[in-house]
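The values are calculated or read from the model by the stated rules, or taken from the named source; none is laboratory data. Since the model is a prediction, treat every value here as computed from it, not as a measurement. Glycine gets a Cβ as well: all are built from the backbone with ideal geometry, and neighbour counts include every protein chain shown. Side chains included, ligands, DNA and RNA excluded: accessible areas come from the protein's heavy atoms. Shrake-Rupley method; radii C 1.70, N 1.55, O 1.52, S 1.80 Å.
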Amino acid sequence: MHGLVNLALELYLRETFGAPMWHRIAGQAALPFQSFEPLVTYDIALTVAVIDAASALLDRPTDAILEDLGTYVVSSASGERLRRLLRFGGVGFRDFLHSLEELPARARLALPDFHLPDMVLTEIGEAEFTLALGAPFDGAGYVMIGLLRAMADDYGALALLEMRVHAGGGDVISIHVLDEGYAAGRRFDLAVGAL
């Protein structure tokens with residue numbers, strides 16, 4: 001697993017639950033270090049060990065931790081660059097959804113060794129979609145649900161998201177856009193600092 005993913009997990013746990021809890025999680029996961037490096041590729045078993053340790057020590061389901069991680073990577077101050085990259089997917093939430101299939105290739109343009117799972121968006125109706133994605137580890141699709149929730153909020157859309165199929169090696173997320181103009185979205189300018 002790419003170090004950026006592991007570092008995002010670490011930062012989410014540190015910032016949300018505190019450094020002492022992160023050290024307990026790292027200890028229980030038997031990490032041979034105290035912090036992930038962003039440009040190192042790690043055995044996926046280390047990622048899973050951290051998730052399992054966090055679930056046990058925080059007494060929270062792994063699905064909830066992973067969904068919160070997806071929200072964190074977009075909505076935290078440290079996730080502003082990722083938010084900007086995602087917002088280039090379209091002017092509205094539905095446009096953004098249609099751009100998801102291109103996301104793995106766009107990520108590889110920025111970081112050639114960063115591999116996101118393939119994504120296939122299927123439009124069922126005018127406001128209903130399914131998103132199928134490969135899952136590098138069990139439950140990884142919940143990270144995408146958290147990310148999609150945060151992006152819906154960012155665009156000011158009201159969307160119902162749920163895991164439809166959760167099976168080894170792949171997840172299917174059901175997306176129902178209830179109201180694309182539900183609230184004022186967060187401000188977004190093409191250029192940083194634009195008026």
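Of the residues that make up the range 16-23, is at least one among the aliphatic types (A, V, I, L, M) and in contact (Cβ under 8 Å) with a residue 60 or more places away in the chain? Can you show your working first?
Step one: list which residues in the range 16-23 are among the aliphatic types (A, V, I, L, M), which gives 19, 21.
Checking which are in contact (Cβ under 8 Å) with a residue 60 or more places away in the chain leaves us with none.
Checked the range 16-23: no residue is among the aliphatic types (A, V, I, L, M) and in contact (Cβ under 8 Å) with a residue 60 or more places away in the chain.
Candidates E128, E67: the one that is in contact with a Gly (Cβ under 9 Å, 6 or more places away or on another chain) and at pLDDT 95 or above is E67. Scanning the range 25-75 for residues that are closer than 15 Å to L11 by Cα, polar (S, T, N, Q) and either in contact with a Leu (Cβ under 9 Å, 6 or more places away or on another chain) or without any contact (Cβ under 8 Å) to a residue 24 or more places away in the chain (or both) gives Q34, S35, T47, T71. For the criterion of being modelled with pLDDT of 95 or more and either of a type outside the set (S, T, Y) or within 14 Å of V74 (Cα to Cα) (or both), R186 fails.
Checking the conditions here, which among A53, A30 is of a type in the set (A, V, I, L, M), more than 28 Å from H176 (Cβ to Cβ), assigned to a loop (DSSP other than H, G, I, E, B) and modelled with pLDDT of 95 or more?
Numbers: A53 fails: assigned to a loop (DSSP other than H, G, I, E, B).
Exactly one residue qualifies, and that residue is A30.
Identify, please: which residue in the range 108-150 is of a type in the set (F, W, Y) and more than 13 Å from the chain's Cα centre (by Cα) and is, among those, least open to solvent (accessible area, probe 1.4 Å)?
Filtering first and then ranking leaves F129.
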